[in-house]
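What follows is one structure encoded as structure tokens, with my remarks underneath.
The values are calculated or read from the model by the stated rules, or taken from the named source; none is laboratory data. For clarity, every value in this text was computed on a predicted model and none was experimentally measured. Every residue, glycine among them, receives a Cβ derived from its backbone with ideal geometry; neighbour counts consider all protein chains shown.
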Amino acid sequence: MDHATMSEAARQMPHMMSGGMSEMMKPVVTGAGGYLAARAIAGNPLLGALRSPLLLLAAGAAAGYFAHKYRREILGALLKASDAGKDFVLQQKESLSDLVAEAKESGEAQAKAASAADTGEATGQP
């Protein structure tokens, strides 16, 4: 090894020694955490049943059946919620425009009062 490489390695040695163990242990700790999470999920019998393809197929078929059976009620509820959302947005827009107009009016009134006070001081009137 040449002198430049040796001096560079010697310069980085304190950094490697102080933080080296924590950096080397990070993958191990991450892997252990993942293993424990997987064991906790697999240990629950209800979550283990969700892995059954037949159960997933049956749940999908039941959901499809009920969605088809109650499609009119579902669409009615969605339309009602959509209309309520539109009304809410319109009310908020109106409220915001009222606030903006009120703020402009108060700003104009303050400007008029300030200009009247300035002209009164300029003419020497109290």
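Numbers for the structure displayed
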{"quantity": "Criterion (at pLDDT below 65 and surrounded by 10 or more Cβ atoms within 10 Å (Cβ to Cβ)) met by exactly one of Met21, Met25", "calculated": "Met21"}
{"quantity": "Selection status of Asp83, surrounded by 10 or more Cβ atoms within 10 Å (Cβ to Cβ), at pLDDT 80 or above and under 29 Å from the mean Cα position of the chain (by Cα)", "calculated": "yes"}
{"quantity": "Residue check for Ala122: modelled with pLDDT under 90 and loosely packed, with under 10 Cβ neighbours inside 10 Å", "calculated": "yes"}
